[in-house]
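Visitor: Quick one: structure below, then a few questions.
Read-outs: derived from the displayed coordinates by stated rules, not from any lab. Fair warning: this is a prediction, and the values are worked out from it, not measured in the lab. Quick reminder, even Gly has a Cβ in these numbers, built from the backbone with ideal geometry, and neighbours come from all protein chains shown.
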Amino acid sequence: MCQQCTLYSSEGCHSCGTTCKLCQANQISNCVNCYETMQISGSQCICRNPQDQRNIFYQCSYDNYAVVQAIFDSISPILTLEFGSNLVNINNLTCDQIFDSATYLLLGSNSSCEISQTKIVVSLSNDAIIMANYTLGFKSNFLQFQGYTKYIDTFYLVSVKIHVMTFLLELNLFQMMPKEVSFICNGALIHFKV
């Protein structure tokens, strides 16, 4: 048996599967031990919270631990945070209640936050300056999973996905009657003259 390798792999250490803490040597998916939020089921580590079935990290969303996936939609612009388990709904929620001050400033002055089952949906304002590689800082002891008594105090941001819209503009010069084409994209006027 060996403990999960962090930065390297050598003859004496073989990385275990993503959810294992310890595994049988040369059998990366044969877990022997799991991290706090997981439990052994056969030879696999599964989440103690039956709602979080993502199996994407060595921890999962359970009790006071949150494993968060961020999805940024540049078209809307909306930042969706997937927690993998239903959150307790909070009336009159504001973004400054969830995020630390550094993150809150990146979201823009008129950003809004809403809990929607397993997600927090952040509608970014026009002056938002957050980028995909920025670190998100959450406030501890405010958010809570349904069915649990503890507030979340440990957050793992495990992935950031970016959804961008691409435009494909096909112009058939022989059949095109107007010699100019214009359209608006995210508030910017794009004009082609042929």
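Visitor: Per residue, how big is the convex hull of segment 60-168 when only Cα atoms are used? Give it in Å³.
Guide: Measuring per residue, one finds 101 Å³ for the Cα hull of segment 60-168.
Visitor: Right, next: On each of the three principal axes of the Cα atoms of segment 50-97, give max minus min coordinate, whole Å, ordered largest first.
Guide: 30, 26, 16
Visitor: Using the Karplus curve 6.51 cos²θ - 1.76 cosθ + 1.60 with θ = phi - 60°, work out ³J(HN,Hα) for each residue of segment 18-26 in order, rounded to whole Hz, and write x for Gly and Pro.
Guide: For segment 18-26, the Karplus-derived couplings read 4, 9, 7, 8, 10, 9, 5, 4, 6 Hz, x marking Gly and Pro.
Visitor: Which of rounded, prolate, oblate describes segment 84-131, given a ≥ b ≥ c as roots of the alpha-carbon gyration tensor eigenvalues and a/c under 1.5 marking rounded, otherwise prolate only if a/b is larger than b/c?
Guide: prolate
Visitor: Right, something else. At 0.36 nm per residue, minus the direct Cα-Cα distance, what do ALA25 and ASN110 gain on full extension? Give it in nm, one decimal, please.
Guide: That pair, ALA25 and ASN110, stretches by 25.3 nm at full extension.
Visitor: May I pose another question? Using Cβ contacts closer than 10 Å as the measure, can you line up CYS34, CYS20, CYS45 from fewest to most?
Guide: By the 10 Å Cβ count, ascending: CYS34, CYS20, CYS45.
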